[in-house]
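None of the figures in this text is laboratory data; all of them are computed from the coordinates on show. The structure presented is a predicted model; accordingly, all values stated were derived computationally and were not measured. Cβ sites come from the backbone with ideal geometry, for glycine too, and all protein chains shown count toward neighbours.
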Amino acid sequence: MLLLVDSDLSRAQSVAENIRMRIEETVIRSTMGVSFNFTVSVGAVLYDGHPDYQRFLDAADSALYAAKNNGRNNVYMG
């Protein structure tokens, strides 16, 4: 989970996409010399100020599942 303070949807999408691309480009090498990489799906929402934080977390979780169901390795703005 990543929380951005004083951000808007456009900035959040930019940050999430940057993280996604950097992870996708990272190559990891094992001690045995095997190289591999991985990807990440990101779901993002804006906090609407409602005092029920669970509602906010549920919305973020739904956005993450939408990203995964949309082909993985992508950013979904909920």
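Table: residues versus (1) among the charged types (D, E, K, R); (2) touching a helix residue (DSSP H, G or I) at 6+ places or on another chain (Cβ under 8 Å).
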| site | (1), (2) |
| --- | --- |
| Asn18 | no, no |
| Ile23 | no, no |
| Arg29 | yes, no |
| Phe36 | no, no |
| Ala44 | no, yes |
| His50 | no, yes |
| Met77 | no, yes |
In the range 6-49, the residues that are surrounded by 10 or more Cβ atoms within 10 Å (Cβ to Cβ), free of Cβ contacts under 8 Å to residues at least 12 places away in the same chain and either of a type outside the set (Ser, Thr, Tyr) or within 16 Å of Tyr76 (Cβ to Cβ) (or both): Arg11, Ser14, Asn18, Met21, Arg22
When both residues are 6+ apart or on different chains and their Cβ atoms are under 7 Å apart, which pairs have a first residue that lies in the range 65-78 and is within 14 Å of Ser14 (Cα to Cα), and a second that is of a type in the set (S, T, N, Q) and assigned to a loop (DSSP other than H, G, I, E, B)? Asn74/Ser41; Tyr76/Asn70
Please indicate, with yes or no, whether at least one residue in the range 51-62 is free of Cβ contacts under 8 Å to residues at least 60 places away in the same chain, under 13 Å from the mean Cα position of the chain (by Cα) and in a loop (DSSP other than H, G, I, E, B). no
